[in-house]
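The values are calculated or read from the model by the stated rules, or taken from the named source; none is laboratory data. This one's a predicted model, so the numbers in the text were calculated from it and none came from an experiment. Neighbour counts are summed over all protein chains in view; Cβ atoms, including those assigned to glycine, are modelled from backbone coordinates with ideal geometry. Heavy atoms of the whole protein, side chains included, go into the accessibility calculation; ligands, DNA and RNA do not. Shrake-Rupley method; radii C 1.70, N 1.55, O 1.52, S 1.80 Å.
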Amino acid sequence: MNADLTTELRYSPRFRQPTSDPRVLSAGVGEAAERLTIRLRREQRLANRVRLVAVFADGRAVAAEVALERGTSEEPQLYRAGRALLAKVLAQPHPVQKLTLILDKLRIASPSLPLFDRAD
């Protein structure tokens, strides 16, 4: 396990130019969720909060966040959380220059439990 216990992980997909296209932005959230999932699993950690920050072409920024009931390192859950936050960003009628998906409130995954949420 990696000894670097950072308090948050973040990833910003690259866009060639500012965009308002929901497909492009959704693909960016998917890319970020995939990259962050790989890192969470490698470090055997779980994220308890997902934040999405969007910087618009005019320099203004908007952020949204969601707390996860249980920590997770599963890509589908991170993507769904990021997509829900993206809906708030898309309510703004401005092209997005940069998106950043941030996972925080990280904790070590229990070695006796799998890295995904189990239905009880």
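Listed values, structure above:
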{"read-out": "Any chance R45 is surrounded by 13 or more Cβ atoms within 10 Å (Cβ to Cβ), modelled with pLDDT of 90 or more and out of contact with any Lys or Arg (no Cβ under 6 Å at 6 or more places or on another chain)", "value": "yes"}
{"read-out": "Identity of the residue in the stretch 63-82, surrounded by fewer than 17 Cβ atoms within 10 Å (Cβ to Cβ) and closer than 16 Å to L40 by Cα, that ends up modelled with the highest pLDDT", "value": "P76"}
{"read-out": "Residues satisfying the stated conditions in the stretch 15-29, i.e. among the polar types (S, T, N, Q) and farther than 19 Å from R60 by Cα", "value": "S26"}
{"read-out": "Only listed residue being crowded, with 17+ Cβ neighbours inside 10 Å and hydroxyl-bearing (S, T, Y), chosen from T19, T37, T6", "value": "T37"}
{"read-out": "Matching residues in the stretch 36-45 - criterion: being of a type outside the set (A, V, I, L, M, F, W, C) and not in a strand (DSSP E or B)", "value": "T37, R39, R41, R42, E43, Q44"}
{"read-out": "Total residues in the stretch 48-59, condition in contact with a helix residue (DSSP H, G or I) (Cβ under 8 Å, 6 or more places away or on another chain) and either open to solvent by 60 Å² or more (accessible area, probe 1.4 Å) or among the small types (G, A, S) (or both)", "value": "1"}
{"read-out": "Number of the condition not met by N48 [criteria: (1) in a loop (DSSP other than H, G, I, E, B); (2) closer than 17 Å to L101 by Cβ]", "value": "(1)"}
{"read-out": "Pairs where the first residue, in the stretch 88-99, is open to solvent by less than 80 Å² (accessible area, probe 1.4 Å) and the second is in a loop (DSSP other than H, G, I, E, B) and of a type in the set (A, V, I, L, M), C-beta under 7 Å, 6+ apart", "value": "H94/A57; P95/A57"}
{"read-out": "Some residue of the stretch 104-113 being open to solvent by 50 Å² or more (accessible area, probe 1.4 Å), of a type outside the set (D, E) and free of Cβ contacts under 8 Å to residues at least 40 places away in the same chain", "value": "yes"}
{"read-out": "Verdict on A32 being in contact with a Phe, Trp or Tyr (Cβ under 6 Å, 6 or more places away or on another chain), buried (at least 18 other Cβ atoms within 10 Å of the Cβ) and at pLDDT 90 or above", "value": "yes"}
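Residue-by-condition table, conditions (1) free of Cβ contacts under 8 Å to residues at least 24 places away in the same chain; (2) part of a strand (DSSP E or B):
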| position | (1), (2) |
| --- | --- |
| L52 | no, yes |
| V55 | no, yes |
| A67 | no, yes |
| R80 | yes, no |
| R83 | no, no |
